[in-house]
Structure formats: C-alpha cells, structure tokens
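Have a look at the structure below before the remarks.
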Amino acid sequence: MTRVCVAGAGVIGSLFAAHLARVADVSALVRREEHARALREEGLRVSGRADFTAQLQAATDPDRLAEPELVILACKTLDLDAVAGRIAGRWPEAIVMTVQNGIGADEVVARHGDWRILSGVTFMSGTRHSDTHVQYVLDTATWIGPARGTTPAEARWAADLIASSGLEAEAFEDLRPAQWSKLIFNATVNTVAALTGLPHDAHFADVSEPSRLGNLVRDLMDEGKAVARAAGVPLREDPWEMNVLATQRGSAHYPSMLEDVEARRRTEVDMITGALVREADRLGVPVPLHKTMERLIKAKEASWDEA
Amino acid sequence: MKVCVVGCGAVGSLFAANLATLEDVEVWAYDLAQEHVDAINRDGLRLTGAGEVVGRPRATTDAAELPSCDFGIVATKAMHTEPAIRATAHAFSNGCVATVQNGIGNEEVLAAHVERVIRGTTFPAGKITAPGIVQWDVKGDTTFGPFEERPAPFAEVERLAEACTRGGMPAKAVEDARGPQWRKVIFNAATNPLGALTGLTHGRVCEQPPLRRLASQLVDEGKAVAAAQGIELDADPEELIDYAARPEVAYGHKASMLQDIEARRQTEVDYLNGGIAEFGRKLGVPTPAHDSIWALVKGVEAAWQQQ
C-alpha cells in the first residue's frame, strides 16, 4: 500500500487522513501529543456524507512515522511555514502536496527542502467535532496539478489515490486557472462573510438595489478577474457564476474566515486577500475594494487585542 | 414661545432640558418610550456630565396632546423621521420644524408633511443612562438655516437659534446651512461605519494607518459629492477626524453605529453612506468606497435577521 503522511489534522487534514486510511498506509503528523494519542487509540471517525472509523498511525515527531511516498500538508496557511520546517531534512524521496488557500504555498514549502512538489486546491469542507471526529459536509473536489519537479502523471497518481479513497479529486496539466478561480472566489466570499456575519447565502448574489451585497461581491470579483488577466491566467470557472450557483444550493456554507472571526482567531486574510493584493500590486492592477476589505479585517483582528 | 422636541433620545433631551430652563419657552417632549416620558413628568429631565441641568418639559407619548407650537425640533433616529412627523405634523401647522438629526435626507421627509422647514446640524452628544437621565458627553454648536425647497422665514430661524443659545445650546442661523451639514455627514460616514465594522473606538481607527487612509478615501468621495452641488464645507472633515482622535476629545468613543451594532439595532447607514452614495448617483459622482461600506453594514443588519 502507498504510504501517505497527512501533516495537520484539522478539518481538511482529518478528512484526507481518514478516507485515505481505507486505501493506503496513513500516518498523521500533529502538533499536540494528546491528539496523536487519541488518534492512535480511538481511530478517526467520519460522519456526514460518509460514516466510518479509520485506524491510522499518529505522532508529533516525524521521526516516529514510516517514511511516506506522499506527504499532504493539510495545515492552515498560517501554520504552513512551521509545519514544513518540521519535516525539513527528512523524506527526500517523498512528493509533498500543498492544499492551502491562496497562492504561494508551494514557494513556502520549497524553502524548507528539495522535495518534489504537487500543488493542490481543495473545495471540500467539513466540521470538526473533536480530535477524533470530523463531519464531511461538502463533497466538492480537490484539484491537483504539477509544481516543482513533478509531472502531470504524478498529479494524476495523487488524484487517483484520493479518488479511490472516497473523496473527489481531479488532476490538471496546469493548476493555476483553477487556483486563481478559487482565490478570487475565496478572497471575496470569505471577507464579505467575515465582516457582515452572513454565511454564504442568497445575499451574496442579490443585486436588486444599489445597497445590496451582491454588487460589492461582483465588484470584488471583477477586480480579481482583472488581476488574473494581467497575470496571463485564464480562469477555469467564472467566480461570479460559482458564487451564484453556490448560493442557490440551499444550505448556506459558513466560510472559514467567518468562523475565525466569530472565534476571535487570527484569520487567513494575509494569505487569501493579501496574496491577491500582492499580485495586483506587482502587476500594477488597481484593487481598491480588496484593499478596503483587507484593512477592515486586519482592524477587526486588532480590536480583539483590547481590554 | 412653544417648542416641541420630537424624539427625546439623547440629543433631543439635550435640547428639551436646556430650553425648558427658559421662562419664556414652553417645551413639550414627544417620545414613544413610556418609562422615559413618565420619569420626565415625575422628576424632570436631568442632564449630567458636560453640564448639570434639570429641565421640566411636558412629556407625552400621545401626539394628540400636543398644542399648536411655534417650533418643532426633530431629533429621532433618521429611520423614524417619517412616522414621527406624520404623527405630530398637526402641531406645526402654524410653526416651523427643524431637524437636528444625523445624515442627509431628513429635511425632504419633513417637507412632505409641514410647510416651513429648517435645515439643522448639531454636534453635542450624549446617551440616556436611565429613564429621565441623560449623560451629556460632548458640548458643541448647532447651525440652523432655511431648507431651500420649503424654507422657514429667516427671522424664525434666527428666533429659534437665539432661544437655543440662551438656553445653553449655542446655535447660529445662517442662510446656507448645507456646509456644516455635509461636513458632519462626511465626518460621520467616514468614521462611524469603520468603528462599527471593526469594533474599534474612534481613536483606534485613526491609529491604524491603512484604516485612516480608508477614512480619507471616504472623505474625498464625500467632498466630491458636496462640491458637485456647489456646497462649501465650513471646515475640513479631515481635521475634525484628527481632532476627535485626541485622548481628551473622543479617542475612546464608540461611534453610535458601533453601539447600534453591538445592541443589534438598525443603524443610520442609509442616511450616512447611503445618503452620500445616492446623492452621488444622482449627480454622476462615483462613490465606490461608500457603496461598499453601505453594502457591508446592510449585510451586518441582514445577518441578525437570520438568527
């Protein structure tokens, strides 16, 4: 069986680890010892769209894990630098795959070692109920493409492995069109949700009057599309159409940045909106509305330092 | 002289209590909060803080009790103007009605119900701490002028300003009162929603350079809309913003819109950013920052309705 190490066992990491454990030899690299122990002793339960409990290895020290052929770095973008640092100097034959929001994750990982890298972007979502129980909510796909030193065939290999475990996955010759579609979508939907408190619902597509939120959503997406055009990246999907479709699905999705804000946790705005703004500045494309959103989110984070 | 204050919240109470100290002015206070009205009739209307005043206006929740008045001073929240003036218009069939409310567009609403309207802008602020008791936080000037479309005679505007000044609320009568009004609405629209969306006090909004720049962007758009109407601001809102950020002025002040959001009360955003955006649209002046902020605050209000 293929040996896979999933680094980070939040929602996304837990969904990967549990599903893959049914078709591969899976280990989880986690930060807390009690988390590792609980996973070893109780296994990892999935509910929602699937219902099973997987057995897997788990440790806080990478040297206690079998050398993997595939490493999935499934931590939050904020933790990526630290997690990649923990495996630095190890597992030279492994292919390392990123699935973080935003763009630029591959470069962060590349600084820590010479691994071959696959670039991923995931749309699946879930809810974490405990260290050993994750609910699988949205069965949308993970997209994978070649990055440093990897080939489209290796992207297909990883996608096939993930698909065989019961998750949705698709390989691409070039991931950037998909990655940018998601970046523009995320930079817009996450920040609007985080500032208003609204889940991703019909308000986001409402353009019936000038003050309706859909106008802002569309304007933010138009700014993002202009950046993608300037970067020479054709988008795989139109973010506005993704938005309209998603809000018609019925059950409103709770974007992660809204969850972060409600829990008063630092958000990923630097990696999502920040990534888009940095690209825009580099290319000389004006993005005043994204800058406004970024400023407001950063200021909201600052308000928690008070009192 | 008979004056009726319509809407006896914090600002209305400042006018009612101060005017009621004058022997030659009979003051009525119309308000829907029964407890507040009962306390005023029982114990008088007490101001503490920036000034210590006990006035004895006659308070009522029943508009039918109001006598024919020389002046009305409308001080409701902007979204309550229409029902408030509809209920009380009969008392002003021979009088003039002034607004001291926030935002723009209130005069137009009054003019649909009464003949002689006075455009007004006031800077004092406070809050009701208990029925019949108002904390007077900030002293400040009031400017009155005839409302161009349905003007009160200038002599009447002067008579009201003179009474307010003698009562302890310094006021002046001017031919064109739009300058102070737009200065205030631009100031409020550039600062209030930033506090409301981020949770920061006025001083902390100004300390964050990116956020302070966003305030300037909002100010610049507001100035362009004012200039397109030939309005000369009587002072620069930028200076007002920096002045208010001083520790001894309003550094720790939570904008009224932030107080509204924390209490989940409908905000006045439609009359602040929405007012500027709507005037901009009519005049062909783009206001992208106000449009965005307007949509975000409306989104916050929409989020409450779902919970």
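Assorted remarks:
- Environment charge at residue A:170 (Cβ cut-off 12 Å; Lys +1, Arg +1, Asp -1, Glu -1): -1
- Relative contact order %, chain A, counting alpha carbon pairs below 8 Å whose residues are six or more apart: 14
- Cubic angstrom per residue, convex hull over Cα atoms of the stretch A:4-91: 86
- Mean partner shielding of peptide A:291-300, defined as the number of other chain Cβ atoms within 10 Å of each residue Cβ, is 6.
- Counted residue by residue at 0.36 nm each, then reduced by the alpha carbon distance between them, the extension gain from residue B:263 to residue B:33 reaches 81.1 nm.
- Rounded, prolate or oblate (a/c below 1.5 giving rounded, otherwise prolate when a/b exceeds b/c) for the stretch A:3-171 by Cα gyration tensor: oblate
- Candidates per GluC sites (Glu not before Pro) in the stretch B:253-287, loop by DSSP, up to 13 other Cβ within 10 Å: none
- The label-point distance for residue B:43 and residue B:129, in a model that sets each label 7 Å from Cα toward Cβ, rounds to 1.1 nm.
- Hits among lysines - C-alpha to C-alpha of residue B:2 under 21 Å, sequence gap 8 or more where chains match: B:172
- For the stretch A:167-178, Karplus couplings with θ = phi - 60° (6.51, -1.76, 1.60), whole Hz, Gly/Pro x: 9, 8, 8, 8, 9, 10, 5, 9, 7, 4, x, 6
- In straight-distance terms, cross-link reach from residue A:76 covers every one of the lysines whose alpha-carbon lies under 28 Å from its own, apart from those fewer than eight places away in the same chain; here that gives A:182, A:225, A:291, A:298, A:300.
- Amide hydrogen neighbours beyond the local backbone of residue A:96, cut-off 5 Å, H modeled: A:71, A:116, A:117, A:118
- DSSP-loop trypsin sites (Lys or Arg not before Pro) across the stretch B:197-262, with at most 13 other Cβ within 10 angstrom: none
- Exposed-site-free run, longest, chain A (rule: GluC sites (Glu not before Pro); DSSP loop; at most 12 other C-beta within 10 Å): A:174-305
- Classification of the stretch B:58-148 by its C-alpha gyration tensor yields an oblate form. The axis ratio a/c (a ≥ b ≥ c) is 1.5 or more, and b/c is at least a/b.
- Highest-first arrangement of A:5-14, B:134-143, where packing means the average Cβ count within 10 Å: A:5-14, B:134-143
- With both labels modelled 7 Å from their Cα along Cα-to-Cβ, the residue A:82 to residue A:230 distance reads 3.4 nm.
- Once both labels are positioned 7 Å from their Cα atoms along Cα-to-Cβ, the gap between residue A:251 and residue B:50 label points is 5.3 nm.
- Kirkwood Rh (inverse of mean 1/r, distinct Cα pairs), the stretch A:176-306, angstrom: 14.8
- Degrees, to the nearest 10: A:273-283 long Cα axis against longest axis of chain A: 70
- Adding -39500 (n - 2.57) for every DSSP H run of four residues or longer, then dividing by how many residues chain B holds, sets the calculated 222 nm ellipticity at -14000 deg cm²/dmol.
- For the stretch A:3-171, the relative contact order comes to 22 percent (Cα pairs under 8 Å, sequence separation of at least 6).
- Computed over the Cα atoms of the protein assembly as shown, the ratio of the radius of gyration to the Kirkwood radius (Rg/Rh) comes to 1.10.
- Rounded if a/c under 1.5, otherwise prolate or oblate - chain A, Cα gyration tensor axes: prolate
Every number in this text was worked out from the coordinates using simple rules, so none of it is lab data. This structure is a prediction, so every number in the text was calculated from the model and none was measured. Heads up, the Cβs are rebuilt from the backbone with ideal geometry, glycines too, and the neighbour counts pull from every protein chain shown.
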